[in-house]
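The values are calculated or read from the model by the stated rules, or taken from the named source; none is laboratory data. Nothing here was measured: the structure is a model prediction, and the numbers come from that model. When we count neighbours, we look across all protein chains shown, and the Cβ atoms used for this are built from the backbone with ideal geometry, even at glycine. Accessible surface is based on the protein model in full, side chains and every heavy atom, while ligands, DNA and RNA are left aside. Shrake-Rupley method; radii C 1.70, N 1.55, O 1.52, S 1.80 Å.
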Amino acid sequence: MDGARAADLLARLPHRAPFLFVDEVVDCNSGKATANWSVSGQEGFFAGHFPGNPVVPGVLIGEALAQTAGIALLSLESDGDRRLGGFLAQASLKFPAPARPPAAIVLRASHVGALGDLHRFDVQASVGTITIASGTLVLAIQTR
């Protein structure tokens, strides 16, 4: 993916460090997005999340997937200048395996439908060939 386009997509998300978990947008078109989140093990949340046995918190993986879904949604927007605003309305995720640092987490989101301002996505997170999370998310997007 073009670096300028990837940077533009990230800039249009309402999140900023330290709560922006998507490091890189790999691909984004037609309501589908693939992104990366690199976890080194030095992130502050590991200090209190199973000290000595670090595991990436599932809630943060879910948030990273929601951010990836937001990026996928931006590929469907007809107004290229609109920033994304909204919130996670519903999450149904399974976590079949833990993610331990260091980890290169691949995030995927695919838009599967909408009802008004509610947008449903199939999502998956993986480390290598191992799925660490999968399910569906619904984003409620605020209109102007």
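Observations on the model:
- Kirkwood Rh (inverse of mean 1/r, distinct Cα pairs), the range 1-97, angstrom: 14.5
- Total charge dipole magnitude, the chain, about the Cα centre, Cβ charges on Lys, Arg, Asp, Glu only, Debye to nearest 20: 240
- Point-to-point label distance, residue 23-residue 131, nm (Cα→Cβ direction, 7 Å offset): 2.4
- Taken per residue, the accessible surface of the chain reaches 51 Å², heavy atoms only and a 1.4 Å probe.
- Sorting 94, 32 on solvent-accessible area from highest to lowest, probe radius 1.4 Å, gives 94, 32.
- Cα centroid separation - the range 44-77 against the range 1-26, whole Å: 14
- Between 24, 43, 77, the residue with the greatest mean-square fluctuation in the GNM of the chain (Cα pairs under 10 Å linked by springs) is 43.
- Mean Cα-pair separation over length for the range 84-125, i.e. relative contact order, pairs under 8 Å, 6 or more apart, %: 29
- Charge context of residue 103, other residues only, Cβ under 15 angstrom, K/R +1, D/E -1: -2
- Overall, the accessible surface of the chain at a probe of 1.4 angstrom is composed of carbon and sulfur to the extent of 55 percent.
- Ranking by accessible area, most exposed first, for 129, 34, 68 with a 1.4 Å probe: 129, 34, 68
- Per-residue ellipticity at 222 nm from helix content only, as computed over the chain with -39500 (n - 2.57) for each DSSP H run of at least four residues, stands at -6000 deg cm²/dmol.
- Average Cα contact separation per residue, the chain, under 8 Å, 6 or more apart, as relative contact order %: 25
- The chain: most fluctuating residue of 120, 12, 108 per GNM, C-alpha cutoff 10 Å: 12
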